[in-house]
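Asks: Before I ask anything, here is the structure I am working with.
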Amino acid sequence: MRSIFNRSGGYRKLYSFNFATIVHLGAIAFCKRFIPWQEDTLGKVVGQMVGAARSGRINIAEGSERAGTSTETEIKLTDVARASLAELQNDLETWLAEREVLPWSIHDPEHVKLSAVKLAPFEFSEDLLHDYWAYLHDQRRKFDRWLKHEDPVVVANALIVMIQRTTALLHRQMQSQEEAFVQEGGIKERMYKARTEIQDAAEDAPECPECSRPMRRRRSAKGPFWGCSGYPDCRGIRQCETLVK
């Protein structure tokens, strides 16, 4: 019997989630180091920036967990993650603009070097939480050159580059999710397919003479007949009288 549930969870293996986690931690550190409370007495700027970073990370995880029962929800949450990170990027761009500083060009040597840094894959173990965070901190150190820099302009630019890398990964994820949804449908469609496959097996349904897929018992004004389960792509039929004793 076909499974009605998609694979879900496993978000800790997603490069997008791991980049988003490093961005989240980097945004918290940036706000603590470079946005003094005197300039943000109500905490709105810091709250919005950290909240956007958190939303980007958390929605990737939630979307992955919801994938088991709803690819549509997974797509929506992945899009929310992408939008949240875009919000954080705009806040960082504004922070630079207030200081009349341009974001790095894609040809800037630091942009090129940072863009070339890759994350190692995470492998699941029986000590998941401990081993994941050991992995994450190890990967995070690869970006210390930029994220722990004394110049806030460097840190802001580094976060922007990392956000762009994360949103590019999320865009590819959404394309993959959309393809899966088109091919497999939602959970209601999968439930229907699983149920009809059981019914076909119970009825000892014959193979379609056109495409060899299992057939399903159908009714028309002229009586029952076997129709291809691939209808309307395949319109093969068989007469029930020749098959039912």
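Asks: Please work out which residue is farthest from residue 158 (Cα to Cα), limiting yourself to region 82-107 and to residues that are without any contact (Cβ under 8 Å) to a residue 12 or more places away in the chain and not in a helix (DSSP H, G or I).
Replies: Here the answer is 100.
Asks: Follow-up question, since we're still on this one. Can residue 83 be described as at pLDDT below 95, of a type outside the set (Asp, Glu) and within 15 Å of the chain's Cα centre (by Cα)?
Replies: On the way: at pLDDT below 95: no; of a type outside the set (Asp, Glu): yes; within 15 Å of the chain's Cα centre (by Cα): yes.
So residue 83 does not fit the description; no.
Asks: Take residue 64 and decide whether it is touching a helix residue (DSSP H, G or I) at 6+ places or on another chain (Cβ under 9 Å), part of a helix (DSSP H, G or I) and in contact (Cβ under 8 Å) with a residue 40 or more places away in the chain.
Replies: yes
Asks: Suppose the filter is closer than 23 Å to residue 136 by Cα and either charged (D, E, K, R) or not assigned by TED's automatic domain parsing to the domain that holds residue 179 (or both); does residue 74 pass it?
Replies: Here the answer is no, as residue 74 does not meet what is asked.
Asks: Among the listed residues 93, 74, which satisfies the condition of being touching a helix residue (DSSP H, G or I) at 6+ places or on another chain (Cβ under 9 Å), within 16 Å of residue 26 (Cβ to Cβ) and among the acidic types (Asp, Glu)?
Replies: Details: 74 fails: within 16 Å of residue 26 (Cβ to Cβ).
93 is the lone residue from the list that is touching a helix residue (DSSP H, G or I) at 6+ places or on another chain (Cβ under 9 Å), within 16 Å of residue 26 (Cβ to Cβ) and among the acidic types (Asp, Glu).
Asks: Quick check on region 111-127. Is at least one of its residues aromatic (Phe, Trp, Tyr), without any contact (Cβ under 8 Å) to a residue 40 or more places away in the chain and out of contact with any strand residue (DSSP E or B) (no Cβ under 9 Å at 6 or more places or on another chain)?
Replies: If we filter region 111-127 for residues that are aromatic (Phe, Trp, Tyr), which is where we start, we get 122, 124.
Applying the additional criterion that residues be without any contact (Cβ under 8 Å) to a residue 40 or more places away in the chain yields none.
No: zero hits.
Asks: Looking only at region 56-80, filter to residues that are among the aliphatic types (A, V, I, L, M) and under 20 Å from residue 175 (Cβ atoms); which one of those is modelled with the lowest pLDDT?
Replies: Checked region 56-80; the qualifying residue modelled with the lowest pLDDT is 67.
Asks: Hey, any hits in region 28-35 for a residue that's surrounded by fewer than 17 Cβ atoms within 10 Å (Cβ to Cβ) and over 21 Å from residue 154 (Cβ atoms)?
Replies: So far as region 28-35 goes, no, none of its residues is surrounded by fewer than 17 Cβ atoms within 10 Å (Cβ to Cβ) and over 21 Å from residue 154 (Cβ atoms).
Asks: Looking at residue 193 and the list (1) charged (D, E, K, R); (2) at pLDDT below 85; (3) over 38 Å from the mean Cα position of the chain (by Cα); (4) outside any strand (DSSP E or B), which single condition is not satisfied?
Replies: (3)
The values are calculated or read from the model by the stated rules, or taken from the named source; none is laboratory data. Computed from a prediction, not measured in an experiment: that's the story for all the values here. When we count neighbours, we look across all protein chains shown, and the Cβ atoms used for this are built from the backbone with ideal geometry, even at glycine.
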